[in-house]
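The values are calculated or read from the model by the stated rules, or taken from the named source; none is laboratory data. Everything numeric in this text was worked out from a predicted model, so none of it was measured. Note: ideal-geometry Cβ built from the backbone for every residue, glycine included; neighbour counts use all protein chains shown. The protein model used for the area step is the full one, side chains on, heavy atoms only, and it has no ligands, DNA or RNA in it. Shrake-Rupley method; radii C 1.70, N 1.55, O 1.52, S 1.80 Å.
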Amino acid sequence: MESGGAIVVGDINQLPVDCLSHVIALTSSRDACASSAVSTAFHSAANSDDTWQRFLPPDYAYMLSRAVYPVEYASKKELFFRLCDRPVLIDGGKLSFGLDRWTGKKSFMVSARALWIVWGSDERYWCWMPVPDSRFSEAIGLIDVCWLEIRGKMSTKLLSPQTPYSVYLIFKLADTARGLGTPSQETAITVGEETVSRKSVCLQPTDRGRRRLLRGQFRLWGGLGLDAGMGMANEIDKDAMLPQKWESEGERDDGWLEIEMGEFYNSNGEDGDVEMSFMEVKGGHWKRGLILHGIEIRPKH
């Protein structure tokens, strides 16, 4: 408005809180947190349920209805960061659901129990074991196989639309792991009927010396056929450490390792299933010591 020939600019803090909430919700969760320090009005708008509702996926209530345990929260902002920091177990504990902190896009992890593993139900070749303080309560340990084949799938409708995703194998190696270096393993990502990604990966980049024993303790009962001390020490053999580049890229905050299996773009979630495979079936030699926790699908940055 004009007053005495001068233009008077209105104070944005005088806008209704719901208007400010709408504007802040057009930014990002990071911007919303930063804007709360601008003023009292911005603080109220930036922390309102109206703002954080827009950062949550449209089907968040449906996803929470599938949770193994009820998810309690005092505000939508608290729920958002709860899902970012501590993904929720759903579908009987065979799947986890969480959010990416910076984009709010959905991420999932498929447990080893929900994967299709050749000879996975035969105790001569694979053994289930408890893994305390991990995403899922159990993992599966490789005793000995010459044909290593692991497959998983997920409906693209569960994933966030218009989003690029990366797929990761989540695992550890026992200190006596062998046969997982060469030949390399092959991965493939198929969306609908189209294979969109193929890679050659290596779980065990070096065969020098003793294997590094990764964090965590495991009781590999069931006749893994490995050393009795496997998984029971926390010492690191620095001389036999895996190459630094591989390790710095692969080690996670939760103590597990990850290796990228490939990537894909989820357009509108109407392509059916995304299928993931990890295999080494050409070498004909025996492999052991892989500890598999699951396959994670998360937004690519």
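Quick one: order HIS285, HIS22, HIS301 from most to least accessible surface, probe 1.4 Å.
HIS301, HIS22, HIS285
Using a 1.4 Å probe and counting only protein heavy atoms, arrange LYS172, LYS77, LYS94 so the residue with the most accessible area comes first.
Ranked list, largest accessible area first: LYS94, LYS77, LYS172.
Give me the one-decimal nm value for the distance between modelled label points at GLU186 and CYS19, 7 Å along each residue's Cα-to-Cβ direction.
For GLU186 paired with CYS19, the spin-label model returns 6.2 nm.
Tell me the accessible surface of SER121 in square angstrom (1.4 angstrom probe, heavy atoms of protein chains only), to the nearest ten.
Counting only protein heavy atoms, SER121 exposes about 120 Å² to solvent.
Taking every pair of alpha-carbon atoms in region 85-190, give the share separated by more than 17 Å as a whole percent.
Tail of P(r) above 17 Å: 61 percent of Cα pairs.
Rank ASP253, ASP49 by accessible area, highest first, at a 1.4 Å probe radius?
Accessible-area ranking of ASP253, ASP49, largest first: ASP253, ASP49.
Hey, which of these cross-link pairs are over 21 Å Cα-Cα: LYS77/LYS106; LYS105/LYS199; LYS153/LYS199; LYS77/LYS157; LYS172/LYS287?
LYS105/LYS199; LYS77/LYS157
If R₀ is 41 angstrom, what is the calculated FRET efficiency for the pair CYS84 and MET279, using the beta carbon separation as r and rounding to 0.05?
Rounded to the nearest 0.05, the efficiency is 0.80.
Tell me, what is the per residue accessible area of region 119-201 in Å², probe radius 1.4 Å?
Accessible surface, normalised per residue, equals 44 Å².
Considering only protein heavy atoms and a 1.4 Å probe, what is the carbon-and-sulfur percentage of the accessible area of region 119-187?
On region 119-187, the fraction of accessible area on carbon and sulfur atoms equals 51 percent.
Evaluate E = 1/(1 + (r/R0)^6) for ARG151 and LYS300, where r is the Cβ-Cβ distance and R0 equals 22 Å; express this FRET efficiency to the nearest 0.05.
0.55
Where the convex hull is taken over the Cα atoms of region 30-162, what is its projected area averaged over directions, in nm²?
10.1 nm²
Using alpha carbon centroids, what distance separates region 132-158 and region 286-301, in Å?
So the two Cα centres are separated by 7 Å.
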